[in-house]
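The values are calculated or read from the model by the stated rules, or taken from the named source; none is laboratory data. The structure presented is a predicted model; accordingly, all values stated were derived computationally and were not measured. Here the Cβ positions follow ideal geometry from the backbone for every residue, glycine too, while neighbour counts run over all protein chains shown. Side chains are part of the model used for accessible areas, which takes the heavy atoms of the whole protein and leaves out ligands, DNA and RNA. Shrake-Rupley method; radii C 1.70, N 1.55, O 1.52, S 1.80 Å.
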Amino acid sequence: MREEAFSGVGGRGIFRRTEVLPLQGPMDLPVVLFLLWGLLLDLLSGAVGGILYRVHEEQPPSTLIGSLAADQGLPDTGHLYKLEVGAPYLRVDGKTGDIFTTEIPIDRETLKDCRNKGKPCFLEFEVSVTDLIQNQSPRLIEGRIEVQDINDNTPQFPSPVLTLSVPENTHVGALFSIPLATDKDTERNGVADYTLTAGPEAVALFGLQVAEDRGEKLPQLIVLGSLDRERKDSYDLTIKAVDGGNPPRYSSALLRVVIADANDNAPQFEKSSYEAEVAENSPVGHSVLQLPHRRVTFSTANPVQDQQDSSQQSYYDSGLEESETPSSKSSSGPRIGPLALPEDHYERTTPDGSIGEMEHPETGS
């Protein structure tokens, strides 16, 4: 291969003529392939635009991004530059070819092609350059600007109050997923960690475990102690999400743990036996014995729904001690009033609605 260089008209350009010569020996073939490969790379780089600038997002107006005249080796005068693609985020000085930011900030998170956090974000531009001295047709310069992320977003939970339902018979060590916080920034400035703050009543019952899946932090509530709904039916904790920026940003949410009911208590009478007097001429239906009325609540399977909608609860007044009930409604309907004792036994309904063992008030068995 032989190259000859000569000056163009007016001496303003350098042109090269390349002539491919016949191979002189077996050692020339690798050299030719190497030169062809380099030529192919030059063509490819020219097709996608060889100019690449980098700038952080949210820069103030008139921040200099790059100078086309200096980067392209053009004279400082005699050329007219015009922005063809890149508005409204960019502007070009018509005389120098300098590219600046505008009054509209470049927000990485709002750019259409930058929604994938795992990939670089590019803003493409095109500038036409006209040689005013030689009065030639404009030529187009293409380039890209890599918009680099800054920590300008705070992690946000889906709601200021997060609710978790935990059954009271949950074993120690069980995990419950906590709703994630989201951050619009890239992974480096995204959510980096979670912390949990608990009061004196909850610090020994609940803890936090943060798992990781494909770079995403997953907060999980871990049960550390035994729960008893009859002692306390809900706990308020504070969950905080922190990002990886410098300085870091964070936000908090109230994590309300609602203890769901479990059928771990059986109904009981106050006494093992009751006595009453009745006149021999008492009419049919006359009240013989009035037991103390104690309200027993039959809840639905969803304790959160019970608290929000009291119509989902059924009440049954009886002489039983106040106690828990199955998650399904065991009574046929509300009954309030006098209750006559059975002659020799009564039947206890199990959580699935079937009849349990016979229980005798005299023995309590």
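In this structure, Gln148 and Ser177 have a Cβ-Cβ separation that, at R0 = 30 Å, corresponds to a calculated FRET efficiency of about 0.35.
Kirkwood hydrodynamic radius, the stretch 51-148, all distinct C-alpha pairs: what's the number in Å? Each step should come with its number before you reach the end.
Values: mean 1/r = 0.0717 Å⁻¹.
Roughly 13.9 Å, rounded to one decimal.
Applied to the stretch 279-285, the Karplus parametrisation 6.51 cos²θ - 1.76 cosθ + 1.60 on θ = phi - 60° returns per-residue 3J(HN,Hα) values of 6, 5, 9, 5, x, 5, x Hz, with x for Gly and Pro.
Amide H to amide H, with H built 1.01 Å from N, Thr163 comes under 5 Å of Arg256, counting only residues 5 or more places away or on other chains. Counting protein heavy atoms only, the stretch 168-260 has 47 percent of its accessible area on carbon and sulfur, 1.4 angstrom probe.
Based on the Cβ-Cβ distance from Thr170 to Tyr274, what FRET efficiency comes out when R0 is 35 Å, to the nearest 0.05? Let's see the in-between values first.
Details: r = 39 Å, r/R0 = 1.10.
Efficiency, from the Cβ-Cβ distance: 0.35.
In whole percent, what relative contact order does the stretch 161-260 give with Cα contacts below 8 Å and a gap of six or more residues? Please list the in-between numbers first.
Details: 209 pairs, mean separation 38.9, N = 100.
Averaging sequence separation for qualifying contacts and normalising by length gives 39 percent for the stretch 161-260.
Accessible surface for the stretch 51-148, divided over its residues, is 57 Å² per residue with a 1.4 Å probe.
With 27 Å as the limit on Cα-Cα distance, the pairs of Lys82/Lys117; Lys82/Lys119; Lys95/Lys119; Lys184/Lys240 that go past it are Lys82/Lys117; Lys82/Lys119; Lys95/Lys119.
The ellipsoid equivalent to the alpha-carbon distribution of the stretch 161-260 has semi-axes of 28, 13, 10 angstrom, derived from the gyration tensor eigenvalues as √(5λ) and listed largest first.
I'd like to check one number: the per residue accessible area of the stretch 161-260, probe 1.4 Å, reported in Å² as a whole number. Walk me through the numbers before you get to the answer.
Working: 5250 Å² over 100 residues.
So the stretch 161-260 comes to 53 Å² accessible per residue, rounded to a whole number.
For the stretch 221-297, take N as its residue count and report Rg(C-alpha) divided by 2.2 N^0.38 Å. Ratio of Cα Rg to 2.2 N^0.38 Å: 2.30.
If we count every other residue with Cβ under 13 angstrom of Ser128's Cβ, Lys/Arg +1 and Asp/Glu -1, where does the sum land? It would help to have the intermediate numbers written out before the result.
Details: positive: Lys82, Arg139; negative: Glu84, Glu126, Asp131, Glu142.
Local charge sum for Ser128: -2.
In this structure the amide hydrogen of Ile145, modeled in the peptide plane, comes within under 5 Å of the amide hydrogens of Tyr53, Leu123, Glu124, Phe125, none closer than 5 places in sequence on its chain.
Surface composition of the stretch 51-148: carbon plus sulfur atoms contribute 48% of the solvent-accessible area (1.4 Å probe, protein chains only, all chains present). As a calculated quantity, the FRET efficiency between Glu84 and Thr238 at R0 = 51 Å, using C-beta atoms, amounts to about 0.45. With contacts taken as Cα pairs under 8 Å at a separation of at least 6 residues, the stretch 51-148 carries a relative contact order of 35 percent. Close amide-amide hydrogen proximity is noted between Ala260 and Val166, Glu168, each under 5 Å apart and 5 or more residues distant or on a separate chain (H modeled in the peptide plane; Pro and chain starts excluded). Derived scalar couplings between HN and Hα for the stretch 104-114 equal 8, x, 8, 9, 4, 6, 9, 6, 4, 8, 10 Hz in order, rounded to whole Hz, by the Karplus curve 6.51 cos²θ - 1.76 cosθ + 1.60 (θ = phi - 60°), x for Gly and Pro.
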